[in-house]
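The values are calculated or read from the model by the stated rules, or taken from the named source; none is laboratory data. From a predicted model like this one, the values you see are computed outputs, not experimental measurements. Glycine gets a Cβ as well: all are built from the backbone with ideal geometry, and neighbour counts include every protein chain shown.
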Amino acid sequence: MCPYKYNYLIGIKSQMYDLRLKIVLHAKSNGIKPTAKLYMTSVRTVRKWFRRYKEPGKSGLKDVGRRPQNSPNAIPEEK
């Protein structure tokens, strides 16, 4: 059993990737709901990481930037 909640461990940046990989591998062998219960997180969170792992592989478990690619309301730069 995991001694810490997922939300506690996610605050420790160095362990985020390893934790996500453990969650995905556990979900692969035991199912999503038991994994969510074990890591004390939501089924939705486990599904998110499982889906990201299935699509691009291990690289999908890394953090994704939240900054928008473009801003239609941005003020144009003066030249």
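Against the numbered list (1) more than 18 Å from LEU19 (Cβ to Cβ); (2) in a helix (DSSP H, G or I); (3) among the polar types (S, T, N, Q), THR35 comes up short only at (1).
Of all residues in the range 43-74, which are closer than 19 Å to GLN15 by Cβ and either modelled with pLDDT of 80 or more or not in a helix (DSSP H, G or I) (or both)? Steps first, answer last, please.
Within the range 43-74, the subset closer than 19 Å to GLN15 by Cβ is 45-46, 48-50, 52-53, 58-64.
Selection gives THR45, VAL46, LYS48, TRP49, PHE50, ARG52, TYR53, LYS62, ASP63, VAL64.
Please verify whether SER42 is touching a helix residue (DSSP H, G or I) at 6+ places or on another chain (Cβ under 7 Å) and either over 13 Å from LEU19 (Cβ atoms) or touching a residue at least 60 places away in the same chain (Cβ under 8 Å) (or both), treating the condition exactly as stated. Steps first, answer last, please.
Details: touching a helix residue (DSSP H, G or I) at 6+ places or on another chain (Cβ under 7 Å): yes; either over 13 Å from LEU19 (Cβ atoms) or touching a residue at least 60 places away in the same chain (Cβ under 8 Å) (or both): yes.
Yes: the conditions hold for SER42.
Considering the conditions (1) surrounded by 10 or more Cβ atoms within 10 Å (Cβ to Cβ); (2) over 20 Å from GLN15 (Cα atoms); (3) over 13 Å from the mean Cα position of the chain (by Cα), THR35 is excluded by exactly one of them, (2). The residues of the range 46-77 that are farther than 13 Å from LYS22 by Cβ, in contact (Cβ under 8 Å) with a residue 12 or more places away in the chain and of a type outside the set (Asp, Glu), listed by number, are ARG47, LYS62. Once the range 1-30 is narrowed to residues that are outside any helix (DSSP H, G or I) and exposed (fewer than 12 other Cβ atoms within 10 Å of the Cβ), the residue that is modelled with the lowest pLDDT is MET1.
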